[in-house]
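Participant: Next up is a structure, given as structure tokens.
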Amino acid sequence: MKRSFWAILLTLGACTSAQINQTLNQVSKAAGTEKALTTAEVGDGLKEALTSGIAKGADQLSATDGYFKNPEIKIPFPPDIKKVEDKLRQIGMDKQVDNFIMTLNRGAEDAAKEAKPIFVNAIKQMTIEDAWGILNGDVNAATSYLERTTSPQLKEKFKPVIQNSLDKVGAAKYYTDLVNTYNKIPFVEKVNPDLNDYATNLAMKGLFLQIAKEEKKIRQDPAARTTDLLVKVFSQAK
């Protein structure tokens, strides 16, 4: 029954909520035993899964070393001014450069604490048609949808949080001191890139990566479905 149920789901992406419910009721009656999902259950289940993934992802990243000791998302010295890092290390400023990189990641960790409500509010705007498309999608369909539809707005709201976090942990001061030191070196080309924009982009990228991991767990691992609704929605998404 599940295989035939899933075959029907593949045709539902462009349907209205009423059409989806009608089709699901027909499938349920034909099966005679297994109750089909309602549009409300799919919508609530997907929102619950995304909210759960965001909560876990944000909590993990906001902990000390959430970014700094995670090689997948650790924020390095800005690559477009890698020459600054190389030159400063050449003149014996390894400790200062390392401290800057650490505080840069501390800023991202601090900002991750503020990200959760921004993402959760975006999830509330998801339509039922969006939810069905996500249910039928690949292992990171929900995360991709969230990233695709909210990134501009999230960045606008996230940048001041990042800036405050960078100031709070001293990353901005470290950066200013390092760049000023570099710019005083004779015959070098002066630099002054936007640290906030750089840190914001990578902090958001790391957060989406972590959310995608949590989404994949919920889709593939029954033990990660911590509520009856998640069990019902994702057990039929096969």
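The values are calculated or read from the model by the stated rules, or taken from the named source; none is laboratory data. Model, not experiment: these values are computed from the prediction. Positions of Cβ are generated from backbone atoms using ideal geometry, with glycine treated the same way; all protein chains shown enter the neighbour counts.
Participant: Just checking, does the range 42-54 include any residue being closer than 18 Å to Y198 by Cβ and touching a residue at least 60 places away in the same chain (Cβ under 8 Å)?
Facilitator: no
Participant: Only one of these is within 30 Å of the chain's Cα centre (by Cα) and charged (D, E, K, R): K190, K173. Name it.
Facilitator: Within the list K190, K173, the selection yields K173.
Participant: Right, here's the next one. Quick check on the range 198-221: of everything there that is surrounded by 13 or more Cβ atoms within 10 Å (Cβ to Cβ) and among the acidic types (D, E), which residue is nearest to Q163 (Cα to Cα)?
Facilitator: Across the range 198-221, the extreme among qualifying residues is E214.
Participant: Here's another thing I want to ask about it. Just to verify a result, which residue in the range 57-88, among those that are touching a residue at least 60 places away in the same chain (Cβ under 8 Å) and acidic (D, E), is farthest from A115 (Cα to Cα)?
Facilitator: Ranking the qualifying residues of the range 57-88, first place goes to D80.
Participant: Let me confirm something: among Q210, Q220, Q236, which residue is of a type outside the set (S, T, Y) and at pLDDT 85 or above?
Facilitator: Going through Q210, Q220, Q236 in turn, the sole match is Q210.
Participant: A further question on this structure: Go through the range 201-223 and give me each residue that's under 24 Å from I75 (Cβ atoms) and either under 8 Å from the mean Cα position of the chain (by Cα) or polar (S, T, N, Q) (or both).
Facilitator: Hits for the range 201-223 are N201, M204, K205, G206, L207, F208, L209, Q210, I211, A212.
Participant: Just wondering, is there one or more residues in the range 102-115 that are more than 18 Å from K56 (Cβ to Cβ), under 21 Å from the mean Cα position of the chain (by Cα) and not in a helix (DSSP H, G or I)?
Facilitator: So far as the range 102-115 goes, no, none of its residues is more than 18 Å from K56 (Cβ to Cβ), under 21 Å from the mean Cα position of the chain (by Cα) and not in a helix (DSSP H, G or I).
Participant: Is there a residue in the range 124-134 that is under 17 Å from the mean Cα position of the chain (by Cα), in contact (Cβ under 8 Å) with a residue 40 or more places away in the chain and either at positive phi or part of a helix (DSSP H, G or I) (or both)?
Facilitator: yes
Participant: A further question follows. Here are the criteria: (1) farther than 20 Å from T200 by Cβ; (2) surrounded by fewer than 17 Cβ atoms within 10 Å (Cβ to Cβ); (3) charged (D, E, K, R); (4) modelled with pLDDT under 90. Tell me which single one K82 does not satisfy.
Facilitator: Failing condition for K82: (1).
Participant: Additional query: Restricting attention to the range 86-101, which residues are buried (at least 18 other Cβ atoms within 10 Å of the Cβ) and not in a helix (DSSP H, G or I)?
Facilitator: The answer is M93, and nothing else.
Participant: Answer yes or no as to whether K173 is within 24 Å of P117 (Cβ to Cβ), assigned to a helix (DSSP H, G or I), at pLDDT 80 or above and of a type in the set (K, R).
Facilitator: no
Participant: Counting only residues that are among the hydroxyl-bearing types (S, T, Y) and touching a Leu at 6+ places or on another chain (Cβ under 7 Å), which one in the range 135-181 is farthest from N201 (Cα to Cα)?
Facilitator: In this case the residue turns out to be T181.
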